[in-house]
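For reference, the structure is listed below as structure tokens.
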Amino acid sequence: VVMLQNKLYADVLLNFYYVLMNAYGWYFWLRGGSSRRGQQTLEVGWLPRGQRLPVTVVVVLGSASMGWYFATYTDASLAYADSFTTVLSFVAMWMSARKYMESWGLWFVVNLASVVLYLYKASGDAGLYLYAALYAVYILMAIAGWRAWKAHLPERGMVTA
């Protein structure tokens, strides 16, 4: 509701996506990633090299396309910045669901950009100040997540698929 009131429509879409991706992540951590399965758990891995360029293209084109759509067809505020954090969150959530180490770096960028976006947009809206504070905590959580997963990361030679 806070995001809708502040015309951050990409953020509204993002919250629906999170629900779906949490279900996917739960399933994948239990059953997926056969090449990275340990004793009944999914091991932390690195994003396969062959997926790095496609993921980058998705972020760039997705952010530009979503930003253009919201800037052209809605009264969205900060359409491109909002779309960037949303598309980057889409990718980071997918990577988290697949337990790729790089997801934490993306979450750090998403959370930092979101703090800046919400503080810039807030101008007296207590809800956005609270969101900015929440995302500041998420920055710390991204650092902690990186460290925790790094401690469980197998040697670099491990299969990453």
Exercise. Considering only protein heavy atoms, what per residue accessible area in square angstrom results for segment 19-95 with a 1.4 angstrom probe?
Worked result: 58 Å²
For this session: Pull out the extension gain between W26 and V137, defined as 0.36 nm times the separation in residues minus the alpha carbon to alpha carbon distance; nm, one decimal.
Result: 37.6 nm
Exercise. Which residues in segment 120-148 place their backbone N less than 20 Å from a point set 7 Å from the Cα of S77 along the Cα-to-Cβ direction?
Worked result: 120-136
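Less than 15 Å Cβ to Cβ from A10, Lys/Arg counted +1 and Asp/Glu -1: what total charge do the surrounding residues give? Walk me through the numbers on the way to the answer.
On the way: positive: K7, K121; negative: D11, D75, D82.
For residues surrounding A10, the net value is -1.
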Exercise. For the chain, what is the convex hull volume of the alpha-carbon atoms per residue, in Å³?
Worked result: 105 Å³
Exercise. Round to a whole number: what % of the accessible area of the chain belongs to carbon and sulfur, probe 1.4 Å?
Worked result: 68 percent
For this session: Mind checking the full-extension length gain between R52 and W68? Use 0.36 nm per residue of separation minus the Cα-Cα distance, one decimal, nm.
Result: 3.3 nm
Problem set entry | Distance between modelled label sites at R147 and Y18, nm, 7 Å Cα→Cβ extension | 2.4 nm
Exercise. Cross-link partners among lysines for K121, C-alpha distance below 18 Å, same-chain residues fewer than 8 apart left out?
Worked result: K7
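The values are calculated or read from the model by the stated rules, or taken from the named source; none is laboratory data. Just so it is clear, the model here is predicted, and its values are computed rather than measured. We place every Cβ from the backbone using ideal geometry, glycine too, and count neighbours over all the protein chains shown. With ligands, DNA and RNA removed, areas are computed over all heavy atoms of the protein, side chains included. Shrake-Rupley method; radii C 1.70, N 1.55, O 1.52, S 1.80 Å.
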